[in-house]
1. Restricting attention to the stretch 166-189, report how many residues are surrounded by fewer than 24 Cβ atoms within 10 Å (Cβ to Cβ) and assigned to a helix (DSSP H, G or I).
2. What's the number of the condition residue 117 fails, among (1) under 23 Å from residue 231 (Cα atoms); (2) assigned to a loop (DSSP other than H, G, I, E, B)?
3. How about the stretch 281-293: which of its residues are within 16 Å of the ligand (Cβ to nearest atom) and either out of contact with any strand residue (DSSP E or B) (no Cβ under 9 Å at 6 or more places or on another chain) or farther than 11 Å from residue 55 by Cβ (or both)?
4. Return a yes/no flag: does the stretch 11-24 have any residue that is assigned to a helix (DSSP H, G or I), more than 16 Å from the ligand (Cβ to nearest atom), in contact (Cβ under 8 Å) with a residue 12 or more places away in the chain and within 19 Å of residue 142 (Cα to Cα).
5. Within the stretch 190-247, can you find the residues that are within 16 Å of the ligand (Cβ to nearest atom), in a loop (DSSP other than H, G, I, E, B) and at positive phi?
6. Surrounded by 17 or more Cβ atoms within 10 Å (Cβ to Cβ), closer than 20 Å to residue 105 by Cα and in contact (Cβ under 8 Å) with a residue 24 or more places away in the chain - does that describe any residue in the stretch 236-245?
7. Do the conditions hold for residue 98, that is, is it under 21 Å from residue 57 (Cα atoms), assigned to a loop (DSSP other than H, G, I, E, B) and touching a helix residue (DSSP H, G or I) at 6+ places or on another chain (Cβ under 8 Å)?
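The values are calculated or read from the model by the stated rules, or taken from the named source; none is laboratory data. Quick caveat, the model's predicted, so the values are computed rather than measured. Backbone-built Cβ (ideal geometry, glycine too); neighbour counts: all protein chains shown.
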Ligand SMILES: [Zn+2]
């Protein structure tokens with residue numbers, strides 16, 4: 001479905017943030033957005049409508065934390081099917097309001113649990129939890145499920161197994177937020193190889209969230225280098241998160257995100273969207289940028305940094321090596337003293 005649509009119209013625009021936009025609509029920090037599918041459906045509709053109005057070709061349902069493990073924190077683990085099916089229905093209703101084709105993808109985030117031996121969750125329990133969530137999304141009518149913000153190879157495997165059990169198309173993206181790897185140490189290249197080895201293969205795979213837009217595109221480069229024909233997703237945060245007066249703000253302007261969208265296409269991404277901090281205004285600017293863009297030569301890391309600003313993980317690496325230098329100097333001073 002994604003590939004066919006890409007062949008018809010070129011690079012596809014996905015959507016923007018769920019959480020940070022919901023905070024602006026009144027969601028309290030720590031509150032589960034999924035309950036809004038029942039309690040505040042109009043606000044969920046408002047979010048999707050903003051993205052569709054801005055020109056998104058793909059929208060993700062409000063179901064990121066829709067496994068029983070995440071919902072249990074809010075005593076809603078017995079409502080998995082209801083909340084996920086409703087998430088799908090709300091998004092589909094918005095998609096039906098426009099003439100062009102909007103693909104509705106059912107968002108599936110991590111369970112928040114670690115799989116044994118690191119944690120308590122068994123692999124089989126993870127598959128069961130994802131199967132339960134995806135059944136709700138499928139019954140609600142999504143076109144495919146969209147496994148996102150993943151960091152553990154085992155958990156990705158479990159979510160993919162669930163999609164395959166149900167027999168629904170799936171996309172899968174990981175968050176490379178820790179020195180160019182996922183929190184669990186998976187590199188973009190290893191993740192891409194893992195994704196390409198599945199049978200059936202994912203409809204798309206790539207990177208979402210993480211740290212800055214520059215960092216995300218460097219991860220995308222690693223994936224497109226190995227698999228240039230794959231449907232690769234770039235769904236970056238809107239710049240870099242910064243704490244401003246007790247709130248998290250994102251540094252990305254509509255211009256920066258437009259620039260990012262064009263470089264993402266040049267880097268070989270076929271589906272481009274935003275993650276945390278990305279509003280409908282940013283997406284409108286990205287839509288214009290994609291529509292007016294002729295694919296350019298492949299960027300390198302230096303070009304990405306020059307256009308979008310320094311990489312967060314490179315800064316972290318520099319800080320670490322500065323700290324190592326300082327420590328080495330202290331050691332040598334001590335040696336001189338003794
Ligand atoms: Zn994000």
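1. Number satisfying all stated conditions: 2.
2. If we test residue 117 against (1) under 23 Å from residue 231 (Cα atoms); (2) assigned to a loop (DSSP other than H, G, I, E, B), just (1) comes out false.
3. Step one: of the stretch 281-293, the residues within 16 Å of the ligand (Cβ to nearest atom) are 282-283, 286.
Passing the criteria: only 282.
4. Step one: filter the stretch 11-24 for residues assigned to a helix (DSSP H, G or I), giving 19-24.
Imposing the further condition that a residue be more than 16 Å from the ligand (Cβ to nearest atom) reduces the set to none.
Within the stretch 11-24 (the criterion being assigned to a helix (DSSP H, G or I), more than 16 Å from the ligand (Cβ to nearest atom), in contact (Cβ under 8 Å) with a residue 12 or more places away in the chain and within 19 Å of residue 142 (Cα to Cα)), the answer is no, since none of the residues qualifies.
5. Of everything in the stretch 190-247, those that are within 16 Å of the ligand (Cβ to nearest atom), in a loop (DSSP other than H, G, I, E, B) and at positive phi turn out to be 210, 239.
6. yes
7. Working: under 21 Å from residue 57 (Cα atoms): yes; assigned to a loop (DSSP other than H, G, I, E, B): yes; touching a helix residue (DSSP H, G or I) at 6+ places or on another chain (Cβ under 8 Å): yes.
So residue 98 fits the description; yes.
Residues checked against (1) over 18 Å from residue 127 (Cβ atoms); (2) at pLDDT below 95:
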{"residue": "158", "(1), (2)": "no, no"}
{"residue": "176", "(1), (2)": "yes, no"}
{"residue": "186", "(1), (2)": "yes, no"}
{"residue": "201", "(1), (2)": "yes, no"}
{"residue": "211", "(1), (2)": "yes, yes"}
